[in-house]
1. Residue separation times 0.36 nm, minus the C-alpha to C-alpha distance between Q27 and V349: what's the value?
2. My understanding is that a pair violates if its Cα-Cα distance is over 24 Å; which of K24/K96; K140/K353; K24/K160; K24/K55; K140/K300 do that in this structure?
3. What number, in percent, do you get for the relative contact order of the range 186-306 if the mean sequence gap of Cα pairs under 8 Å and at least 6 apart is divided by its residue count?
4. Can you tell me, using C-alpha contacts under 8 Å and at least 6 residues apart, the relative contact order of the range 41-128 as a whole percent?
5. Label points 7 Å out from Cα along the Cβ direction at Y44 and E331: separation in nm?
6. In the range 99-120, whose amide N lies under 16 Å from the spot 7 Å out along Cα-to-Cβ of Q62? List them in ranges.
7. Could you order peptides 11-17, 79-85 by the average number of other Cβ atoms within 10 Å of their residues, highest first?
8. Expressed as a whole percent, how much of the Cα-Cα distance distribution for the range 201-334 exceeds 19 Å?
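Bear in mind that the values in this text are calculations on the coordinates, not laboratory data. This structure is a prediction, so every number in the text was calculated from the model and none was measured. Cβ placement follows ideal geometry from the backbone for every residue including glycine, while neighbour counts extend to all protein chains displayed.
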Amino acid sequence: MNRNKREKEYYSLDVGDSTFTVLKRYQTLRPIGSGAQGIVCSAYDHNLERNVAIKKLSRPFQNQTHAKRAYRELVLMKCVNHKNIIGLLNVFTPQKSLEEFQDVYIVMELMDANLCQVIQMELDHERLSYLLYQTLCGIKHLHSAGIIHRDLKPSNIVVKSDCTLKILDFGLARTAATGLLMTPYVVTRYYRAPEVILGMGYQANVDVWSIGCIMAEMVRGSVLFPGTDHIDQWNKVIEQLGTPSQEFLMKLNQSVRTYVENRPRYAGYTFEKLFPDVLFPADSEHNKLKASQARDLLSKMLVIDASKRISVDEALQHPYINVWYDPAEVEAPPPLITDKQLDEREHTVEEWKELIYKEVHDCEERTKNGVIRGQPASLGAAVINGSQHPSSSSSVNDVSSMSTDPTLASDTDSSLETSAGPLGCCR
Ligand code: AMP
């Protein structure tokens, strides 16, 4: 595109400490949140005649961790199309060439609030179970494409006042290491499963633990396992649920097992003690039944040993959840992930810059043609790798081992003001 024409399409404005340079179709920008990657604004899109959310990724190629996350997010957002995963509307960069390339703007459906804000509210069983059902549907859809999240948390789940819910991100890449013996970067670990904290192999129900922690927080109104660092995170788990069995300890690698065996032993508490009746609305026979079902579901999700923990499918069939079961939502056809090497990629900063730039351009082209999601991806990835059909593929049934590279991810989870209306009626 002609340079002058492109320049005329954009305007700049300051948002907090950052400058947003966006297409003129997006007006009335207001900050609504911030995460590890940058600031998110709401805006009015004059072309689509609707409100949208715009996330600015500043220099996403600046290091391996930022680059991998940004690239992964762009590719996956383009491929995944499900009502419980945030929808991609547009992607653009105001810079005119690869040499000048700096920032990426991701335009998404706008929601009203993140789940941190909903946790403060008193939810009835109908709303609580519907929010959980939708989270499970979104996660099941990701699993069907071989994407295991591993880092689900309330700040990455957004809701509307009509009680609809969407997951915002795609979690940790398979190659992102976590683990007890790693440097404690500033990340929210409250929702991470024991197998993630302890650096064990994992399977799809790693995400059920996180959903259990989120459910527990919605019931209690406070974080269930508020570890101050990655070691304290494990302490908080065993203090409440009890020291796990010898059978579980035998699955740990030697150094982690030694650490875990040397912790004080805890008997843990029953789920009746952890989640007493007073925490639930139980003013009628119906609500009492629901409270006991909710507690039963919690006791099946919050199981330290993943081999004894409920699966996503079993959770969707649980009496507390299955009242919402709709095959069109639960059994949607799996998305086709076009870049099979997504999680294995290792590139230099310059290569990442080119890959991400190509991805953004591919998105810009698609938007012009009116299709942004669900079509074959650009050849950007293949160009750098010199091959078009990488053979590695993933399955949620694979038990993957952690690599030992420490993740540099930093997630401050600091949400700016978001206007949350009370959650309205569910369907
Ligand atoms: P992220 O940078 O994706 O982690 O988002 C940071 C925060 O911005 C979230 O916790 C939400 O509060 C808010 N946010 C992000 N995307 C949206 C969206 N599409 N609709 C509403 N709020 C959003």
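1. Using 0.36 nm per residue and subtracting the Cα-Cα distance, I get 112.7 nm.
2. K140/K353; K24/K160
3. This gives 30 percent for the range 186-306.
4. Averaging sequence separation for qualifying contacts and normalising by length gives 30 percent for the range 41-128.
5. A separation of 4.4 nm, rounded to one decimal place.
6. 101-105
7. Result, highest mean first: 79-85, 11-17.
8. 57
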